[in-house]
Amino acid sequence: MNLLSELGWMLTDPFMQRALLAALLVGAGAPVVGTYLVQRRLSLLGDGIGHIALTGVALGWLIGAALGVAPEAFAVPGAVVAAVAGALAIELVRRRGRTSGDLALAIMFYGGIAGGVLLIGLAGGSNGNLMQYLFGSISTVSGTDLALTVVLSAVILLVGIGLRAALFSVSHDEEFAVASGLPVWLLNAMVAVVSALTVTVAMRVVGLLLVSALMIVPVAVAQQLTHSFARTMGTASVVGVVVCVTGLTITYFQDVSPGATIVVLAIAVYAVAAAVRPLVARRGPATDPHPDLPDDVELPPGARARTDQEVCT
Amino acid sequence: MRVSRTTAEHVIEVERLHVHAGASHILRGVDLTVRAGEAVTLLGANGSGKSTLVKALVGVAAPSQGTVRVLGARLGTDRVPWERVGYVPQRAGARTGVPSTAAEVVASGLLSGRRWWLPRGWRTRVRDALDQVGLADRTESAMHVLSGGQQQRVLIARALVRDPDVLVLDEPVAGVDHPSQEAFAASVRRLVERGVTVLVVLHELGELDEIVSRAVVLRHGLVVHDGAPPRPRADHDAAAHRHLHPHDDEARRPAPLTQNPVNGSTEEVVS
Ligand SMILES: Nc1ncnc2c1ncn2[C@@H]1O[C@H](COP(=O)(O)OP(=O)(O)OP(=O)(O)O)[C@@H](O)[C@H]1O
Ligand SMILES: [Mg+2]
């Protein structure tokens, strides 16, 4: 009773309404994009983009300070621009294949943090100003923030789900996609851009340091439960929504960091799924995996009898 | 009815094709013409450039010199109707991070530059294609739990699902058991009878023996033979010959259970 009325109270709080909507959108969208990243074995790309976005935040701060407006005003647009540029740069490096993608990511990690700290100092801010971007600040989501979140999330979901078949094809077998006439570079660039948008949108909810967890951990959960790409994506998205909304609700009652709570929840769900899976898998009916086909070679008489050769009529 | 099949008399046209990869000169001036309705096999030892030629044909490998035309359209400048070309790569790509089902992989064969979405009724078409390779009961199986030969057959289904006019196959039956090879040969024969043009890389003709009308042999990136397919042994082209038993010439040539007993065939052709 008491809990229910408390929850009802929470839902009437406009701050909480905005925060919940943002969490819902991010929870649904981030794992969709994460599924492509995991499929391409680029699980750490989100982290790389997150670090670059920090430089973008500081750059926006610097521009805001130079123009004499509120320094935060340009922080998010700065993050969007830097994240998109960084993601496209990684894609170019991957394409060229000169430096390994791994090395390029590492350079992004260091460059992003160092650039952010350097620029925020020049802008007259302190490292403390960067904290809300590093760890999230969902409880202070404003109306404009929310509008931006809704628009970007719509783009993310539209591309991620709408172009599912084509993006699956390029991520699964790029050479076959080329041979199909699909515009491979454009589709790869779309994945990069959508990843960058996801990072900047999720930045408000879980913070840049934990953005990638929200993209990757739900996919890891879903992989425990299904073998299909489409179902992996769907399950991951549901898991993302559940942990984001639940985590945020918990922080309404307990004064803890929303981002950290959400990520810890996601990892807990993963641990449970991983523990439960062997029990579920063993329960299925025992089937003979061997197809009923004739042998390749003729066995000596008596060795084995069944060679019904239905295939080669 | 596809009218353009008759207008593009030369379905594949390769002129003085050179392909470099870094410092290595892989193809050194290859000429190849495949006319509509032909079934041509591409032979040659390991590393002779067969896969590279095939990749250049489907736009995966970039030519450093020379021209490639597919269905009358020049690669790199014209729009090639890729939705009419079915391609089976030599082996499945490296395992990706997220598992996918056989049906999902085959469905990706329905996409093209013009179609970024799956068409209506794609499930039926995917099931039909998997049925053609004898895997109708494995549509929902994850790719990584299928055996190597079954994975290869899924890739064949992915090329067949788009109902192609041209099939480019790079060792489609390597690692595939004999009954499935026969089933594959039967579907290729049906396609050829329907007028589909086939270019297939092989190491030994095997079950496709009676279907292939011409053989092109590559050596060191050059065409060294273009003409009648080599006949390995006189008694091999008898219609009753069914490759279900181990050959009596086992000692000289290993039975084709493994994927590469090539050595003899090219030499026979050239000498
Ligand atoms: N990307 C590449 N970079 C450098 N060398 C390459 C590259 N791709 C192929 N090669 C070389 O080109 C030669 C031809 O390779 P290709 O794959 O075309 O041979 P193949 O005839 O298909 O052989 P197989 O019978 O083993 O399939 C080989 O010597 C190979 O090492
Ligand atoms: Mg090859």
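Readers should treat all values here as calculations from the given coordinates under stated rules, not as data from a laboratory. As the structure is a computational prediction, the values presented were derived from the model and not from experiment. Neighbour counts run over all protein chains shown; Cβ positions are idealised from the backbone, glycine included.
Gain in length, A:Leu118 to A:Asp255, computed as 0.36 nm per residue apart minus the alpha-carbon separation, to one decimal in nm?
46.2 nm
Just need the relative contact order of chain A here, percent rounded to a whole number, with Cα pairs under 8 Å and 6+ apart.
Relative contact order of chain A: 26 percent.
Using the Cα centre of the range A:2-280 as the reference point, and only Cβ charges (+1 on K/R, -1 on D/E), how large is the resulting charge dipole? Debye, rounded to the nearest 20.
Computed about the Cα centre, the dipole is about 500 debye.
Between the range A:188-215 and the range A:245-272, what is the separation of their alpha carbon centroids in Å?
Going from one Cα centre to the other spans 18 Å.
So how tilted is helix A:184-206 from the main axis of chain A? Cα-based, degrees 0 to 90, rounded to 10.
The angle comes out at about 50 degrees.
Starting from 0.36 nm per residue, how many nanometres of slack lie between A:Leu225 and A:Val272 once their C-alpha separation is accounted for?
Full-extension gain reported as 15.8 nm.
Based on alpha-carbon centroids, what's the gap between the range A:217-239 and the range B:123-195 in Å, whole number please?
Taking the Cα centre of the range B:123-195 as reference, the centre of the range A:217-239 is 28 Å away.
Please give the helix A:229-253 orientation as an angle from the longest Cα principal axis of chain A, in degrees from 0 to 90, rounded to the nearest 10.
The angle comes out at about 40 degrees.
Along its principal axes, what span do the Cα atoms of the range A:2-280 show, with the longest given first and each in whole Å?
Answer, in whole Å and largest first: 52, 51, 29 Å.
What FRET efficiency would be calculated for the residue pair A:Val151, B:Val145, taking the C-beta separation as r and a Förster radius of 56 Å, to the nearest 0.05?
Computed FRET efficiency for A:Val151 and B:Val145 comes out at 0.85.
May I ask for the distance between the Cα centers of the range A:92-150 and the range B:11-72, given as a whole number of Å?
The range A:92-150 and the range B:11-72 have Cα centres spaced 46 Å from each other.
When a footprinting reagent is the concern and you count Cβ atoms within 10 Å, what order do B:Asp137, A:Asp173 take, fewest first?
Taking fewest neighbouring Cβ atoms as first place, the list is B:Asp137, A:Asp173.
Just to confirm the filter: which trypsin sites (Lys or Arg not before Pro) across the range A:14-101 are DSSP coil and have at most 12 other Cβ within 10 angstrom of their Cβ?
Here the sparse-neighbourhood loop sites are A:Arg98.
So what's the back-of-envelope 222 nm ellipticity for chain A, counting only DSSP H runs of four-plus at -39500 (n - 2.57) apiece and dividing by all residues, rounded to 500?
Counting only the DSSP helices, I get -25500 deg cm²/dmol.
Order these by the 10 Å Cβ neighbour count, fewest first: A:Phe168, A:Phe253.
A:Phe253, A:Phe168
What's the exposure ranking of A:Arg231, B:Arg194, B:Arg16, going from fewest to most Cβ atoms within 10 Å?
Result, fewest neighbours first: B:Arg194, B:Arg16, A:Arg231.
For helix A:2-12, report the angle its Cα long axis makes with the longest principal axis of the Cα atoms of chain A; keep it between 0 and 90° and round to the nearest 10°.
With both axes taken from Cα atoms, the answer is about 70 degrees.
Let me know the shape class of the range B:26-74, please: from the alpha-carbon gyration tensor, a ≥ b ≥ c as square roots of the eigenvalues, rounded when a/c is under 1.5, otherwise prolate if a/b is greater than b/c, or oblate.
oblate
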